[in-house]
Amino acid sequence: MAVSVRELRARIKSTESMKKITRAMELIAASRIIKAQQRANAAAPYARELTRAVSAVATWSNVDHPLTTEPEAPTRAAVLVVTSDRGLAGSYSSSVLKEAEGLVEKLKAEGKEVDLYVTGRKAEAFYKFRGRSVAQAWTGFSDRPEYDAAKEIGQKLIEVFVEGTEAETAAAPGVDEVHVVYTRFITMMTQKPTAVRLLPLEVVEGTEAPAEGDVLPLYEFEPSAEAVLDSLLPQYVVSRIWFALLQAAASELAQRQKAMKSATDNADELIKKFTRVANQARQAGITQEISEIVGGVNALADAQAAND
């Protein structure tokens with residue numbers, strides 16, 4: 001059944017309205033990406049120096065700490081999945097959830113039980129729809145994360161990890177490992193879902209022997225190396241989570257910008273298509289009307305000739 005010109009014009013009008021919305025969302029996402037990158041760059045020096053300090057203490061003090069001690073037989077792991085609160089961001093949330101599912105399957109294959117901790121309503125809805133329990137969820141800040149949120153998440157994960165290291169029975173509620181799955185921002189066009197183990201900490205800096213002639217950094221531990229680790233390691237964990245949230249926010253905004261640009265381009269194509277079809281329908285209607293007029297004139301002329 002052919003679509004009338006009036007219906008086509010209504011479709012063109014609604015598509016133009018949709019185009020305005022997607023274009024506005026594209027511009028908003030583009031402006032927020034810059035701020036998200038600036039926040040991530042501003043947090044990088046602190047995280048870098050904190051990592052160096054933790055590495056120095058853990059490497060040169062030979063202190064055993066619960067957050068750096070590898071369990072002999074890990075049986076339980078916690079996985080923090082960082083997703084978005086809102087949609088219209090392309091495959092952002094689905095990609096990180098796919099990466100998280102792969103990590104969960106890997107951990108289960110190693111004989112470990114998995115506790116899920118999520119940020120973002122997309123992950124919460126994903127696991128709720130599938131009837132899978134979530135230990136705790138944090139929502140409402142995916143595109144604009146705050147340090148207080150990272151601190152709350154970090155304290156919770158440290159708490160369950162410490163409970164696991166201090167537990168004497170397998171039925172204890174703690175965990176032996178903590179993993180984070182988030183989207184790493186590489187460039188405006190490239191964002192990569194990434195899974196990293198957060199706890200126990202894997203300190204790799206400073207493990208190699210210094211070359212001859214190198215000057216070693218001097219660290220003084222006050223009051224003791226154990227006290228320094230007790231103070232630094234929680235801050236280190238929170239800074240890693242904070243960095244992951246900032247990276248995820250920039251990735252979300254970048255993918256939202258790309259998705260909205262694609263939607264705007266598709267709207268342009270639909271408008272052109274509907275306009276072309278409407279013009280063809282209008283021209284067909286005009287041709288039909290002219291044919292009817294010409295046919296009527298010819299029939300009237302034939303009738304007059306017959307009467308004469």
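Rule-based calculations on the coordinates, nothing more; no lab input. Model, not experiment: these values are computed from the prediction. FYI the Cβ positions are ideal-geometry reconstructions off the backbone, even for glycines, and counts take in every protein chain you see.
Among Asp302, Asp85, rank each residue by its count of other Cβ atoms within 10 Å, from fewest to most, as a rough exposure measure. Kindly include the intermediate steps, with their values, before the conclusion.
Working: Asp302 10, Asp85 18.
Fewest-to-most Cβ neighbours within 10 Å comes out as Asp302, Asp85.
Using a 10 Å cut-off on Cβ atoms, rank the peptides 24-37, 101-114 from the highest mean neighbour count down. Could the numbers behind the result be given before it?
Values: 24-37: 16.5, 101-114: 14.4.
With the highest mean Cβ count within 10 Å placed first, the list reads 24-37, 101-114.
Need one number: % antiparallel among DSSP beta bridges in the chain, to the nearest 5. Numbers along the way, then the final one.
Numbers: 8 of 23 bridges.
Roughly 35 percent of the DSSP beta bridges within the chain come out antiparallel.
List the residues, sorted by chain then number, that are 5 or more residues from Thr194 or on another chain and whose placed amide H is less than 5 Å from its amide H.
Under 5 Å from the amide H of Thr194 lie the amide H atoms of Tyr182, Thr183, Arg184, each far enough along the sequence or on another chain.
Work out how much length Met188 to Ala299 would gain on full extension: take 0.36 nm times their residue separation and subtract the Cα-Cα distance, in nm to one decimal.
On the way: separation 111, 0.36 × 111 = 39.96 nm, distance 6.92 nm.
Gain on stretching Met188 to Ala299: 33.0 nm.
Which value, in debye to the nearest 20, gives the size of the charge dipole of the chain about its Cα centre, when Lys and Arg are +1 and Asp and Glu are -1 at the Cβ? Mind dumping the intermediate values first?
Working: 37 positive and 42 negative charges, 446 e Å.
About 2140 debye.
Kindly flag which residue pairs out of Lys108/Lys128; Lys112/Lys258; Lys128/Lys272 have an alpha-carbon separation exceeding 30 Å in this structure. If you can, show how the numbers build up before the last one.
Values: Lys108/Lys128 20 Å; Lys112/Lys258 38 Å; Lys128/Lys272 41 Å.
The pairs that break the limit, which is 30 Å between Cα atoms, are Lys112/Lys258; Lys128/Lys272.
Of the listed values (1) 124, 48, 33; (2) 61, 46, 37; (3) 126, 41, 32, grab the one calculated as Cα extents along the principal axes in Å from the structure here.
(1)
Read phi for every residue in the range 33-49 and hand back ³J(HN,Hα) as whole Hz from Karplus 6.51 cos²θ - 1.76 cosθ + 1.60, θ = phi - 60°, with x for Gly and Pro.
Going residue by residue, I get 4, 4, 5, 5, 5, 5, 5, 5, 5, 5, 7, 5, x, 4, 4, 5, 5 Hz, with x marking Gly and Pro.
If packing is taken as the mean number of other Cβ atoms within 10 Å per residue, what is the order of 91-100, 276-285, highest first? Kindly include the intermediate steps, with their values, before the conclusion.
On the way: 91-100: 20.5, 276-285: 13.4.
Ranked from most to least packed, the peptides come out as 91-100, 276-285.
Order these peptides, 232-242, 139-149, by their mean beta-carbon neighbour count within 10 angstrom, highest first.
Values: 232-242: 21.4, 139-149: 16.6.
The peptides rank, most packed first, as 232-242, 139-149.
Under a crude label model (7 Å from the Cα following the beta-carbon direction), how far is Met18 from Ser224 in nanometres?
Placing both labels 7 Å beyond Cα along the Cβ direction yields 6.7 nm.
For every helix of n ≥ 4 consecutive DSSP H residues, a contribution of -39,500 (n - 2.57) applies; sum these over the chain, divide by its total residues, and give [θ] at 222 nm rounded to the nearest 500 deg cm²/dmol. Spell out each step's value before the answer.
Working: 5 runs with 186 residues, N = 308.
Using -39500 (n - 2.57) per qualifying helix, the result is -22000 deg cm²/dmol.
Which lysines, on any chain, are close to Lys122 with Cα under 17 Å apart, when same-chain ones fewer than 8 places away are left out?
Lys98
Give me the distance in nm between label points sitting 7 Å out from Cα along the Cα-to-Cβ direction at Gln155 and Asn307, one decimal.
Taking the two extended label points, one gets 10.0 nm.
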